[in-house]
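Peer 1: Sharing a structure, written as structure tokens. Questions coming.
The values are calculated or read from the model by the stated rules, or taken from the named source; none is laboratory data. Fair warning: this is a prediction, and the values are worked out from it, not measured in the lab. Neighbour counts run over all protein chains shown; Cβ positions are idealised from the backbone, glycine included. Surface accessibility is based on the protein's heavy atoms, side chains included, excluding ligands, DNA and RNA. Shrake-Rupley method; radii C 1.70, N 1.55, O 1.52, S 1.80 Å.
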Amino acid sequence: MRHIISLLMENEAGALSRVAGLFSARAYNIESLTVAPTEDATLSRMTIVTTGSEDVIEQITKQLNKLVDVIKVMDLTDGLHIERELMLVKVKAVGAGREEMKRTADIFRGRIIDVTDATYTIELTGTGSKLDAFLEAIDPAFIIETVRTGASGIGRGERSLKV
Amino acid sequence: MIYCQFMEATGAEIVVRCLAEEGVEFVFGYPGGAVLNIYDEIFKQNKFKHVLVRHEQAAVHAADAYARATGRVGVALVTSGPGVTNAVTGIATAYMDSIPIVVVTGQVPTPAIGLDAFQEVDTVGITRPCVKHNFLVKDVKDLAVTMKKAFIIAATGRPGPVVVDVPKDVTAHLTEFDYPATVEMRSYNPVVKGHSGQLKRAVQMLLEAKRPMIYAGGGVVLGDASPQLAELTRLLGFPVTNTLMGLGGYPATDKQNLGMLGMHGTYEANMAMQHCDVLLAVGARFDDRVIGNPAHFAREQRRIIHVDIDPSSISKRVKVDVPIVGDVQNVLTDMLALLKQAKEKPDAAALNAWWTQIELWRSRNCLKYNQNSPIIKPQYVVEKLWEVTKGDAFITSDVGQHQMWAAQYYKFDKPRRWINSGGLGTMGVGLPYAMGVQLAHPDAQVACITGESSIQMCIQELSTCKQYRIPIKVVTLNNRYMGMVRQWQEFFYGSRYAESYMESLPDFVKLAEAYGHVGMRIDKPGDVEAALKEAFSPALKERLVFMDFQTDQTENVFPMVEGGKGLSEMILAEEL
């Protein structure tokens, strides 16, 4: 099962490596990991997308909680949540394909943020599966480069992860 | 301005004053470039004693043993680079057994970090997977508070090693010294009290048990919960077993104790574990050497109550029914209070039938061995050591067959008497462990049960023992083999003894004498007792005695649960 784990930790040097090291040392899967400071600069917020059986996920959350720098851990997939990922795609945009590419980007509510005679750079936000769908919708031969941030997540409604 | 300067201290002074404030008695260490400022401050003080080891690994082991034997935080001090890498084995050993130590490591000056400076390693990076926490102190203003955090983190919750890496320039920088009485950490709040609802469920379950079993691990020793465990066990009349790490947590000579369980546990303990209907696990973690194959263990229906301070130890290898996170002493105290209030009593008839079954298992006498051998049996040496020391010595061991025989035949009645590397299984710990224990308890009898292979991994410490007049007794069970490796090769590799024979052994008697100690070689069973009595006699009380017992090369450790097998699938000595 795919799980999205959110955590708050002290924004100190080496914080990221403690989490990354834990995942590799204990052979846990890690699909993506995003991290940045919060509005309180002493805190880092991390979103980890992982897969595993319920037992493994239970161990992952326990082991994360055990890290001395970690303040709070929440499995977003335990409740309603929103998940977003940002992708930048550089594509060939020439001839008839140029207009087609813009139309496809529009359908996916992508924005063209950089243009040359031969290329577009498209910015897309959504769940991971939406970004996947966009890449499937365009001719793979047109893709020059893709960059994805990995998922960020937040609980719906009142549900929040705060100190 | 002058007043202000008077209050200021260098980083090196701060390190030393923090250690003094913590009431540290001994710092085990080895100097080097990056820690010279700190050593200069150690030279100027008399609050604690520095013990100069001969290899940094031994410094950490000795600090670790000091912690195990006293319950206080052990302290080691090493230099940067190779000082740290040598210390890593010691740190990992302490980590696996949850031992509270603080290791202060020197680091190259902050401007040199990352530039591949002389004796530079990424200490925080190298030690991260084997510490409870570590710190790199980049600003002298953070030093005192970091030291305080290190001691708090090491000693509380599930204990463990903490590394404080201090760059050399930080030890020279000045700041005002103020050692905080305590430090709040919003991210660190170990749970200490057990959940009251879970406690009630647990007590109910214990009272309903027909075939109960108490399985007590190292957490009982670390959490100083032996009196509570004894009271609970006696009140309920249940059988109890100790893990390798838990030996001494419940008196070994008490009838209710079935002995150690696990890979080399007793027949009765392993059978009772497998066939019980309610299992109370206290400060133990169901590891692979204890319950064998978890699938085989799960074949029998039983309800499990698991008390542990570390939530991640619960339901890691074995699913439990009633998890209770908390300090074992608190939890057992609360459990006792509930039991005393309860109207129900344990089912006496069922318990009687269960004990009858257990006594049947016990009558197999699984630890018997040939008492008439013309060659010294290693088990015999340990039994005699127990007799000669009246069961009241501190025993350290190395790793291998001799460790198992020590665990099986030396009956520990008190906690913190059995000092060994259970988790990491580090050969070489025995001698430095004995140093740490003897320094902590100068008047106690301390023996290191070891083998001729293990002892050579830290044998340089005989020199440290000479310098500080540490009068430990080394009991070497010398079978000229890496015994446990040989045993596995005999059982599982067609007796192909690849590289497990110890050729070209030194003359240990001469070696001991060369280091300024007393050496003895014992060849015959009839001489074992006399040698031990002499070693522990008042005449040699102040001396380190190295006893080289020439033991049976072919002796194996029984019972044995093969890797991957179930607990009740033991090989017993008579079956071969």
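Peer 1: Going through segment B:198-213 one residue at a time, which ones are open to solvent by less than 30 Å² (accessible area, probe 1.4 Å) and either free of Cβ contacts under 8 Å to residues at least 12 places away in the same chain or farther than 24 Å from B:ALA349 by Cβ (or both)?
Peer 2: Once the filter is applied, which keeps residues that are open to solvent by less than 30 Å² (accessible area, probe 1.4 Å) and either free of Cβ contacts under 8 Å to residues at least 12 places away in the same chain or farther than 24 Å from B:ALA349 by Cβ (or both), segment B:198-213 yields only B:LEU199.
Peer 1: Right, next: Do we have A:SER53 as among the small types (Gly, Ala, Ser), in contact (Cβ under 8 Å) with a residue 24 or more places away in the chain and in contact with a Lys or Arg (Cβ under 9 Å, 6 or more places away or on another chain) here?
Peer 2: No: the conditions fail for A:SER53.
Peer 1: Determine which member of the set A:ALA25, A:ALA41 is within 14 Å of another protein chain (Cβ to nearest Cβ) and out of contact with any Gly (no Cβ under 8 Å at 6 or more places or on another chain).
Peer 2: Being within 14 Å of another protein chain (Cβ to nearest Cβ) and out of contact with any Gly (no Cβ under 8 Å at 6 or more places or on another chain) holds for just one of A:ALA25, A:ALA41, which is A:ALA25.
Peer 1: For residues that are open to solvent by 10 Å² or more (accessible area, probe 1.4 Å) and within 19 Å of B:ASP308 (Cβ to Cβ), tally how many sit in segment A:57-78.
Peer 2: So the count comes out to 8.
Peer 1: With the requirement that a residue be under 19 Å from the mean Cα position of the chain (by Cα) and of a type in the set (A, V, I, L, M), what does segment B:455-475 give you?
Peer 2: B:ILE455, B:MET457, B:ILE472, B:VAL474, B:VAL475
Peer 1: Between a residue in segment B:173-195 that is within 14 Å of chain A (Cβ to nearest Cβ) and any residue that is exposed (fewer than 13 other Cβ atoms within 10 Å of the Cβ), which pairs come within a Cβ distance under 9 Å, given they are 6 or more apart or on different chains?
Peer 2: Filtered contacts from segment B:173-195: B:ARG186/A:VAL163.
Peer 1: Any idea which of (1) part of a loop (DSSP other than H, G, I, E, B); (2) open to solvent by 20 Å² or more (accessible area, probe 1.4 Å) is the one B:GLY194 doesn't satisfy?
Peer 2: (2)
Peer 1: Within segment B:308-324, can you find the residues that are more than 10 Å from chain A (Cβ to nearest Cβ) and either crowded, with 21+ Cβ neighbours inside 10 Å or at pLDDT 95 or above (or both)?
Peer 2: B:ASP308, B:ILE309, B:VAL320, B:ASP321, B:VAL322, B:PRO323, B:ILE324
Every residue, every condition in (1) of a type in the set (Phe, Trp, Tyr); (2) outside any loop (DSSP other than H, G, I, E, B), yes or no:
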{"residue": "B:THR464", "(1), (2)": "no, yes"}
{"residue": "B:GLN489", "(1), (2)": "no, yes"}
{"residue": "B:SER495", "(1), (2)": "no, no"}
{"residue": "B:GLU513", "(1), (2)": "no, yes"}
{"residue": "B:MET520", "(1), (2)": "no, yes"}
{"residue": "B:VAL528", "(1), (2)": "no, yes"}
{"residue": "B:GLU542", "(1), (2)": "no, no"}
{"residue": "B:PHE549", "(1), (2)": "yes, yes"}
{"residue": "B:SER568", "(1), (2)": "no, no"}
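Peer 1: Take segment B:16-40 and flag every residue that is assigned to a strand (DSSP E or B) and in contact with a helix residue (DSSP H, G or I) (Cβ under 6 Å, 6 or more places away or on another chain).
Peer 2: Scanning segment B:16-40 gives B:PHE26, B:PHE28, B:GLY29.
Quick grid of which residues meet (1) in contact with a Phe, Trp or Tyr (Cβ under 7 Å, 6 or more places away or on another chain); (2) farther than 24 Å from B:ILE571 by Cα; (3) part of a loop (DSSP other than H, G, I, E, B):
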| residue | (1), (2), (3) |
| --- | --- |
| B:LYS414 | no, yes, yes |
| B:LEU424 | no, yes, yes |
| B:TYR433 | no, yes, no |
| B:LEU439 | yes, yes, no |
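Peer 1: Here is a list of conditions, (1) part of a helix (DSSP H, G or I); (2) in contact with a helix residue (DSSP H, G or I) (Cβ under 9 Å, 6 or more places away or on another chain), and A:ILE112 meets all of them except one; can you say which number that is?
Peer 2: A:ILE112 satisfies all of (1) part of a helix (DSSP H, G or I); (2) in contact with a helix residue (DSSP H, G or I) (Cβ under 9 Å, 6 or more places away or on another chain) except (1).
Peer 1: Could you please find all residues in segment B:393-450 being closer than 18 Å to B:ALA535 by Cα and aromatic (Phe, Trp, Tyr)?
Peer 2: Once the filter is applied, which keeps residues that are closer than 18 Å to B:ALA535 by Cα and aromatic (Phe, Trp, Tyr), segment B:393-450 yields B:PHE394, B:TYR410.
Peer 1: Does segment B:81-89 contain any residue that is open to solvent by 10 Å² or more (accessible area, probe 1.4 Å), of a type in the set (Val, Ile, Thr) and under 27 Å from B:PRO180 (Cβ atoms)? Step through it out loud before you land on a result.
Peer 2: Residues of segment B:81-89 that are open to solvent by 10 Å² or more (accessible area, probe 1.4 Å), as a first pass: B:82, B:85-86, B:88-89.
Still in the list and also of a type in the set (Val, Ile, Thr): B:85, B:88-89.
Of the ones still in play, those that are also under 27 Å from B:PRO180 (Cβ atoms) are none.
The answer is no, given that none of the residues of segment B:81-89 is open to solvent by 10 Å² or more (accessible area, probe 1.4 Å), of a type in the set (Val, Ile, Thr) and under 27 Å from B:PRO180 (Cβ atoms).
Peer 1: Has segment B:108-124 got any residue that is out of contact with any strand residue (DSSP E or B) (no Cβ under 8 Å at 6 or more places or on another chain), over 23 Å from B:LEU174 (Cβ atoms), among the acidic types (Asp, Glu) and open to solvent by 50 Å² or more (accessible area, probe 1.4 Å)?
Peer 2: The answer is yes, given that some residue of segment B:108-124 is out of contact with any strand residue (DSSP E or B) (no Cβ under 8 Å at 6 or more places or on another chain), over 23 Å from B:LEU174 (Cβ atoms), among the acidic types (Asp, Glu) and open to solvent by 50 Å² or more (accessible area, probe 1.4 Å).
Peer 1: Inspect all residues belonging to segment B:557-575 and state whether any of them is free of Cβ contacts under 8 Å to residues at least 12 places away in the same chain, over 30 Å from B:MET273 (Cβ atoms) and open to solvent by 60 Å² or more (accessible area, probe 1.4 Å).
Peer 2: Within segment B:557-575 (the criterion being free of Cβ contacts under 8 Å to residues at least 12 places away in the same chain, over 30 Å from B:MET273 (Cβ atoms) and open to solvent by 60 Å² or more (accessible area, probe 1.4 Å)), the answer is no, since none of the residues qualifies.
Peer 1: Show me the strands (runs of 3 or more DSSP E) entirely contained within segment B:226-302 in which 1 or more residues are open to solvent by 10 Å² or more (accessible area, probe 1.4 Å).
Peer 2: Ranges flagged: B:257-260.
Peer 1: Still on this model: Could you check A:GLU54 against (1) surrounded by fewer than 18 Cβ atoms within 10 Å (Cβ to Cβ); (2) away from chain B (no Cβ under 14 Å) and say which number it fails?
Peer 2: Just one mismatch for A:GLU54, condition (2).
Peer 1: Restricting the first residue to segment A:4-31 and requiring it to be under 17 Å from B:SER312 (Cα atoms), which pairs with a second residue that is surrounded by 14 or more Cβ atoms within 10 Å (Cβ to Cβ) and among the hydroxyl-bearing types (Ser, Thr, Tyr) meet a Cβ separation below 7 Å and a spacing of at least six or different chains?
Peer 2: That search, which allows pairs on different chains as well, returns A:ILE5/A:THR50; A:ILE5/A:THR61; A:TYR28/A:THR50.
Peer 1: Do you know which of the residues in segment A:149-163 that are open to solvent by less than 80 Å² (accessible area, probe 1.4 Å) and of a type outside the set (Ser, Thr, Tyr) is farthest from the other protein chains (Cβ to nearest Cβ)?
Peer 2: The extreme case among them is A:GLY157.
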